[in-house]
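Input: a single structure, listed below in structure tokens.
The values are calculated or read from the model by the stated rules, or taken from the named source; none is laboratory data. Not measured: the values here are computed from a predicted model. Reconstructed Cβ throughout: ideal geometry from the backbone, glycine too, with neighbour counts over all protein chains shown. Keep in mind that these areas ignore ligands, DNA and RNA; they rest on the heavy atoms of the full protein, side chains included. Shrake-Rupley method; radii C 1.70, N 1.55, O 1.52, S 1.80 Å.
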Amino acid sequence: MSASGGLSLVRRAVEAARRTPRWQKRLLVLTAGVGSLTYACQDNQVLQINDGTGKKRVVIVGTGWAGASFLRNIDTSLYDVHVVSPRNYFTFTPLLPSVTCGTVEARSIVEPIRNIVRKRGGAFRFWEAECYKIDPTNKKIHCRSDSDGNSEFVVDYDYLVVSVGARPNTFNTAGVVENCHFLKEVEDAQKIRKSVLKCFERASLPNLTEEERKKNLHFVVIGGGPTGVEFAAELNDFVNEDLAKLYPDVKKYVNISVIEAGDHILTMFDKRITQFAEDKFKRTGIDLKTNFKVVKVSDKAITMTNSATGEIAVPYGMAVWSTGIGTRPLIMDFMKQVGQANRRVLATDEWLRVHGCDDVYALGDCATITQRKVMEDIASIFRVADKDNSGSLTVKKIKNVLGDIYERYPQVELYLKTNQMKDFHDLLKDSDGNAIKESKELNIEEFKKALARVDSQVKMLPATAQVASQEGAYLANCFNKMKYCEENPEGPLRIRGTGRHRFKPFRYRHLGQFAPLGGEQTAAQLPGDWIHVGHSTQWLWYSVYASKQFSWRTRMLVVSDWGRRFIYGRDSSSL
């Protein structure tokens, strides 16, 4: 194009602009400005969405047991509730071992987060993204969404509830991440199911030797806890009840091994259950290897050590790693910020607040409650009660003292009910309404020595769905009555300072635990030292797990899956 032609185009453009109505020019400028502003704010934008009511914003990070329980119980009409999680659903994790073998379908144990709050009023927003940084100083969380080109954004909060759970703990064992399956998420269970069926299909190929078939059908479970034991039992049932009919030629090569570093499996259960489980595994052909520590996992063999045999390498077809939980990177970085760098998980007080952050709460597997020490304060309580310094108190006075102690230290009441202090507890209980027994004097020093054992007996709460669910419900209840409790505190007396805490501290209530052992037999350990193992307990397990589902939809799906399995067997397609 010539220079004169270029000038002609410019003149025509200028004349066209002059003839354009003024409102169209303003619209053009406004459109360009908005487009530029949108582009400029795309990276690391700060979300300051306000519902116009001036309500406090509660941001929940994670949709596991703790987060979903909190969301299910929080009054969304009182707060502006925001949820950030890389998954938009809640998973009923106790049934994940059943998903690995097709006993229950994956979609039957998940509940969309939006379904949980759909019928409830109030402000609610959900973003499917990962929180990668917490800024407690400025009250912001930094998030990243993989669904939109790895875009990042920042969310402000007034109260933050951290419930991101934990990740599998590999103890830095070489080759675990590359060669083993985990069982923490729905995707893990689906991968295990495909891998099991792939091992059977591979073992059925005509060009394999007998040793290669044995290797492909050697299933190894590393870890003798509830998850590992339940998966091994579920897999054993799947093989014997379903796959044996479909793969009759290779059934004889199947071997299921459970490797445990300790002396026994299911050590968190009563010894009677542990013994029954070990005997049952031996009867059903599951190879139980205790006192073996896995030191390396390659794509062909698992290397482990034992004091008697030394180091040995065992070939395998599929391995599932289930040895405990570790800390997520988000929590590790946050602990460094709040001065808890040397801990394994976040430390909270008995009201689930993170130490050093009044408006940040941590629930579930990513946190642990720091129990107060009893003997730091108990001596002063007895000095007040023993005004004449006689060194002894009547049963009636001790009961009055214990009322105050129970309020400050819930763990004391639990400890007094144990075998070591049961006689003393029964004495106090039997004295109710009996003037003679209440007037009996007891030595204070002996009583204080007995209570001194309480501090050594206090243990961290187990990392279970039951604990996380109760923590979520407790914290939601506190938020729901926060305004009332500001004016009328219900918590115990403050150790330092005057007045009371706003809320009663969190108290875990153990409702029992189950251990499915295969063959329609389940072990149950319920409150009151009630132990039972057998087929009747399996039906109790069915009823409890069905009732604990988050909705009637998932209840019906799970029950129908169980019914379908009884009639047609488990599905063996690798979908």
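Using θ = phi - 60° and the Karplus form 6.51 cos²θ - 1.76 cosθ + 1.60, what ³J(HN,Hα) does each residue of segment 103-116 get, whole Hz, x for Gly and Pro?
Here the 3J(HN,Hα) series is 5, 10, 7, 4, 5, 6, 10, 10, 10, x, 4, 5, 5, 5 Hz.
Pop out the carbon and sulfur fraction of the accessible area of segment 510-568 as a percent, whole number, probe 1.4 Å.
Here carbon and sulfur together make up 66 percent of the probe-accessible area.
Rounded if a/c is under 1.5, else prolate if a/b is larger than b/c, else oblate: which is segment 510-568, with a ≥ b ≥ c the root eigenvalues of its Cα gyration tensor?
oblate
Would you grab the residues whose amide H sits under 5 Å from the one on LYS296? Only those 5+ places off in sequence or on another chain, please, with H modelled 1.01 Å from N.
It is THR303, by chain and number.
If you count only protein heavy atoms and use a 1.4 Å probe, how large is the accessible surface of VAL558, to the nearest 10 Å²?
0
Can you work out the accessible area per residue across segment 510-568, with the rest of the protein chains kept in place, probe 1.4 Å, in square angstrom?
Dividing the accessible area of segment 510-568 by its residue count gives 52 Å².
For GLU438, what charge total do you get from the other residues with a beta carbon under 15 Å from its beta carbon, if Lys and Arg give +1 and Asp and Glu give -1?
In short, +2.
Within segment 169-324, what percent of beta bridges assigned by DSSP are antiparallel, to the nearest 5?
40
Local charge sum around ARG328 (other residues, Cβ-Cβ under 15 Å, Lys/Arg +1, Asp/Glu -1)?
+4
Which entries in the list LYS215/LYS296; LYS397/LYS440; LYS198/LYS289; LYS56/LYS336 go over 19 Å, if you measure between the two C-alpha atoms of each?
LYS198/LYS289; LYS56/LYS336
Which percent, nearest 5, of DSSP beta bridges in segment 232-325 are antiparallel?
70
Residue by residue through segment 175-183, which ³J(HN,Hα) values in whole Hz follow from phi under the Karplus form 6.51 cos²θ - 1.76 cosθ + 1.60 (θ = phi - 60°), with glycine and proline marked x?
Running phi through 6.51 cos²θ - 1.76 cosθ + 1.60 with θ = phi - 60° gives x, 5, 4, 6, 10, 10, 8, 10, 9 Hz.
Dimensions of segment 89-184 along principal axes (Cα, Å, largest first)?
43, 40, 27
For segment 212-292, place one equal point scatterer on every Cα, skip the solvent, and apply the Debye formula. What is log10 of I(q)/I(0) at q = 0.12, 0.22 Å⁻¹?
Normalising to I(0) and taking log10 leaves -0.35, -1.00.
Take the eigenvalues of the Cα gyration tensor for segment 169-324, scale each by 5, and report the square roots as semi-axes in whole Å, largest first. Show your work: numbers first, answer last.
Numbers: eigenvalues 111, 69, 49 Å².
Semi-axes, largest first: 24, 19, 16 Å.
Can you pull out the trypsin sites (Lys or Arg not before Pro) in segment 66-138 that DSSP calls coil and that have at most 12 other Cβ atoms within 10 Å? Could the numbers behind the result be given before it?
Working: sites: ARG72, ARG87, ARG107, ARG114, ARG118, LYS119, ARG120, ARG125, LYS133; in loops: ARG87, ARG118, LYS119, ARG120.
Counting only loop positions with at most 12 other Cβ atoms within 10 Å, the trypsin sites (Lys or Arg not before Pro) in segment 66-138 are ARG118, LYS119.
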